[in-house]
Amino acid sequence: MATQAQPIEQTSQIEVRTRFGSLPVKDDSVLEFPQGLPGFRDLRRFVLFHDLDNRSIFYLQSTDDPEVRLPVTDPHWFDVHYQIALTDEEFELLDVSDMRDLTLLVTIREGTSDASGPQANFNGPIIINLNTRTALQKTLREPRRTVTIEAH
């Protein structure tokens, strides 16, 4: 009986320009933000890179503008948990078929003074459908508090 070779599925790659040079990225790892991000409405395609020195920090890098790179992290690192209601429009935009496909990240930035550590934006979580690679940043209308995280 003759054996037939099985076709190997090829994933195309793109080159993503960053401040640190070009990096090859599988095309199917690109995240699509159909509405863009606040402040970057025209930038819709991003990839996630992780910090080799700190596995709790990732960088959301624009594939269209090498200067746009946002540090993000999982809010669970800071013992922050969300219960967020998605609107019908957001549910449809994310193309949700299984809620377990959703993950959530928050943007972080350096503290505003020498005494403060990095600060996380818990009022604007980024919700990603890992299955469809579609994402959005949700603005929470009723912020309850500002959280400052001390870096050690």
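The values are calculated or read from the model by the stated rules, or taken from the named source; none is laboratory data. The model shown is predicted, which means the values in this text are computed figures rather than measured ones. Cβ coordinates were reconstructed from backbone atoms using ideal geometry, including for glycine residues, and neighbour counts include every protein chain displayed.
Please indicate, with yes or no, whether at least one residue in segment 54-70 is without any contact (Cβ under 8 Å) to a residue 12 or more places away in the chain and over 14 Å from the mean Cα position of the chain (by Cα). Please lay out each step first, then the result.
Keep residues of segment 54-70 that are without any contact (Cβ under 8 Å) to a residue 12 or more places away in the chain, which gives 54-55.
Now drop any that are not over 14 Å from the mean Cα position of the chain (by Cα), which leaves 54-55.
Yes: one or more hits.
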Taking the criterion of being within 16 Å of ILE127 (Cα to Cα), surrounded by 13 or more Cβ atoms within 10 Å (Cβ to Cβ), at pLDDT 80 or above and aromatic (Phe, Trp, Tyr), would at least one residue in segment 66-81 satisfy it?
no
Collect the residues in segment 33-61 that are farther than 14 Å from ARG133 by Cα and not in a loop (DSSP other than H, G, I, E, B), keeping them in residue-number order.
LEU37, PHE40, PHE49, HIS50, ASP51, ASN54, ARG55, SER56, ILE57, PHE58, TYR59, GLN61
State whether one or more residues within segment 23-35 are surrounded by fewer than 13 Cβ atoms within 10 Å (Cβ to Cβ), within 14 Å of the chain's Cα centre (by Cα) and within 23 Å of LEU93 (Cβ to Cβ).
yes
Which pairs have Cβ atoms under 9 Å, sit 6 or more apart or on different chains, and link a residue in segment 118-142 that is without any contact (Cβ under 8 Å) to a residue 24 or more places away in the chain and under 16 Å from HIS81 (Cα atoms) to one that is of a type in the set (Ser, Thr, Tyr) and part of a loop (DSSP other than H, G, I, E, B)?
ASN123/THR139; ASN123/THR146
